[in-house]
1. Can you name every residue in region 94-139 that is β-branched (Val, Ile, Thr) and either open to solvent by 60 Å² or more (accessible area, probe 1.4 Å) or assigned to a loop (DSSP other than H, G, I, E, B) (or both)?
2. So, in region 38-59, exactly how many residues are of a type in the set (Val, Ile, Thr) and either in contact (Cβ under 8 Å) with a residue 24 or more places away in the chain or open to solvent by less than 40 Å² (accessible area, probe 1.4 Å) (or both)?
3. Scanning region 27-67 for residues that are among the polar types (S, T, N, Q) and at pLDDT below 90, which turns out farthest from SER235 (Cα to Cα)?
4. Taking ALA271 as the residue in question, decide whether it is of a type outside the set (D, E, K, R), in a helix (DSSP H, G or I) and farther than 19 Å from LEU117 by Cα.
5. Pairs only if they're at least six apart or on different chains, beta carbon under 9 angstrom, first in region 60-85 and over 20 Å from PRO119 (Cβ atoms), second among the aromatic types (Phe, Trp, Tyr) and surrounded by 15 or more Cβ atoms within 10 Å (Cβ to Cβ); list them, first residue then second.
6. What's the total number of residues in region 214-229 that are β-branched (Val, Ile, Thr) and either touching a Pro at 6+ places or on another chain (Cβ under 6 Å) or open to solvent by less than 20 Å² (accessible area, probe 1.4 Å) (or both)?
7. Within region 150-199, track down each residue that is surrounded by fewer than 19 Cβ atoms within 10 Å (Cβ to Cβ), part of a helix (DSSP H, G or I) and of a type in the set (Ser, Thr, Tyr).
8. Scan region 230-253 and give yes if some residue there is under 30 Å from VAL105 (Cα atoms) and open to solvent by 20 Å² or more (accessible area, probe 1.4 Å), otherwise no.
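The values are calculated or read from the model by the stated rules, or taken from the named source; none is laboratory data. This structure is a prediction, so every number in the text was calculated from the model and none was measured. Glycine gets a Cβ as well: all are built from the backbone with ideal geometry, and neighbour counts include every protein chain shown. Remember, those area values only see protein heavy atoms, side chains included, never the ligands or the DNA or RNA. Shrake-Rupley method; radii C 1.70, N 1.55, O 1.52, S 1.80 Å.
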Amino acid sequence: MSAPAAPRRAPLPPPAATRRPGPLARLMRWGADVLEEVGRGGYFVYDIIRALRETDTWGRETLRQMYSIGVGSVPFILVVAAFLGGVTAFQTFYQLFAGVQYSVVGLISRQSIVLELGPLLTALTLTGRVGARMTAEIGTMRVTEQIDALETLAYDPIAYLAVPRVLAALVMVPALTMIANAAALTSAWIILVTATPVTTADYEAGLRLAFTPFQIVYSLIKAVSYGAAIATVCSYHGYITEAGAEGVGRSTATAVVITSITILVLDGLIAAMFATLIQA
């Protein structure tokens, strides 16, 4: 008689080190990483506030950053705003139906540009031009150990690198937003007068229609918050850059993406907070 077959053994589970985590474990790990990053960013903001007392460190550098962020960005902002105003007015005119007064074009153009498109597009374009440069500059200083050298010389790197950029952005982004609003409204007027039946009197009447001073304040509130987001987020990601030149590129791309998302979130929050105050 043949011997009975040996019972089959169940396969051993893979070692814990090679076992793939489940969806819940991956979600919890991702949440922990996000909270850790938020905490590190909070400490960075606290360090910026603490470093404000070191005026001798950030005073002169702030003026240089104001020139770099503001004056250097004016031509670029003017081009973007000119196309923004022209396209907005042109599209608004061709959405009108019969019987609507032409002054409505000026009203809609003003509301669209001043309340939304002007500050938002100015901030997003500055994120690509100014924010990416901030991250790359600080990140390069980190990987080449220049930040360590500042600490060796008893300089606070936050006061020298982050504070001037934040203060400059808080001043210059609102100024650039006002320039963009004016340029976009001027461009809209030129396009309407030259390419449509809308007259200067119609456009001016629309600009005056249902205008309240808080609409300008609302645009400045958005611009200040966007400027703070650009300078803080981009400086932070440059400051924590690792792994050489590849790390600088990775930090720059991450900073631009996160700053853009932050600006869009702030846009929604500010609109919800002040919705009743901007009613005409």
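1. The answer is VAL100, ILE108.
2. The total comes to 3.
3. Looking at residues that are among the polar types (S, T, N, Q) and at pLDDT below 90, I get THR55.
4. no
5. The qualifying pairs are GLU61/TYR160.
6. Of the residues in region 214-229, 1 are β-branched (Val, Ile, Thr) and either touching a Pro at 6+ places or on another chain (Cβ under 6 Å) or open to solvent by less than 20 Å² (accessible area, probe 1.4 Å) (or both).
7. Once the filter is applied, which keeps residues that are surrounded by fewer than 19 Cβ atoms within 10 Å (Cβ to Cβ), part of a helix (DSSP H, G or I) and of a type in the set (Ser, Thr, Tyr), region 150-199 yields THR152, TYR160, THR186, THR194.
8. Within region 230-253, not a single residue is under 30 Å from VAL105 (Cα atoms) and open to solvent by 20 Å² or more (accessible area, probe 1.4 Å).
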